[in-house]
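Working notes, structure below.
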Amino acid sequence: MTMTDRQLVRFASEFRAGILDGDPPNWMCFAICAPLSSLLAMHGVPNEVVESDLGEFNHFWLRLADGRALDPTADQFNHLFATDRPAVYLGPPLDLHVPASAPSTAERAI
């Protein structure tokens, strides 16, 4: 079964709500992404769990087969970065979606 973007966001949103049970998403990115990744794969949505290094902390999100980011806890950073990201973000990778294994800007310049 192929999911539309709308179905995918709804699926991830409902999954997130079930895991969080009304609690905030702070520090819950891996706890949500790991099981969500498996469940999406079971529903025919290829993806991988990716870790980003954000300096003082790490962040986990899902990379879809087409390269887009599915981040079920993107809103946890709104207060830190003065952004207004939705609870579940689906789209091109953002600044918080740089894989930890990716070279830094300084390393790329060498």
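Does the stretch 16-48 hold any residues that are over 18 Å from residue 59 (Cβ atoms) and either in contact (Cβ under 8 Å) with a residue 60 or more places away in the chain or in a helix (DSSP H, G or I) (or both), and which are they?
17, 18, 38, 39, 40, 41, 42 - these are the residues of the stretch 16-48 that are over 18 Å from residue 59 (Cβ atoms) and either in contact (Cβ under 8 Å) with a residue 60 or more places away in the chain or in a helix (DSSP H, G or I) (or both).
Here's a check for you: in the stretch 62-84, which residue that is in a strand (DSSP E or B) and in contact with a Pro (Cβ under 8 Å, 6 or more places away or on another chain) is nearest to residue 20 (Cα to Cα)?
Step by step, filter the stretch 62-84, then rank; the result is 62.
If you go through the stretch 60-90 one residue at a time, how many are free of Cβ contacts under 8 Å to residues at least 24 places away in the same chain, within 17 Å of residue 2 (Cα to Cα) and not aliphatic (A, V, I, L, M)?
Adding up the residues that qualify gives 1.
Condition check: of a type in the set (Gly, Ala, Ser), in a loop (DSSP other than H, G, I, E, B), under 14 Å from the mean Cα position of the chain (by Cα) and surrounded by 14 or more Cβ atoms within 10 Å (Cβ to Cβ). Does residue 87 satisfy that?
Against the criterion (of a type in the set (Gly, Ala, Ser), in a loop (DSSP other than H, G, I, E, B), under 14 Å from the mean Cα position of the chain (by Cα) and surrounded by 14 or more Cβ atoms within 10 Å (Cβ to Cβ)), residue 87 qualifies.
Which members of the stretch 49-59 meet the condition of being closer than 16 Å to residue 12 by Cβ and in contact (Cβ under 8 Å) with a residue 40 or more places away in the chain?
Passing the criteria: only 50.
Of all residues in the stretch 1-16 being among the aliphatic types (A, V, I, L, M) and surrounded by 13 or more Cβ atoms within 10 Å (Cβ to Cβ), which is modelled with the lowest pLDDT?
Out of the qualifying residues, it is 3.
Residues being out of contact with any Ser or Thr (no Cβ under 6 Å at 6 or more places or on another chain) and either among the basic types (Lys, Arg) or surrounded by 12 or more Cβ atoms within 10 Å (Cβ to Cβ) (or both): count how many of those fall in the stretch 49-61.
8
The values are calculated or read from the model by the stated rules, or taken from the named source; none is laboratory data. These figures come from a predicted structure and were not determined experimentally. All Cβ positions, even for glycine, are placed from backbone atoms using ideal geometry, and neighbour counts span all protein chains on display.
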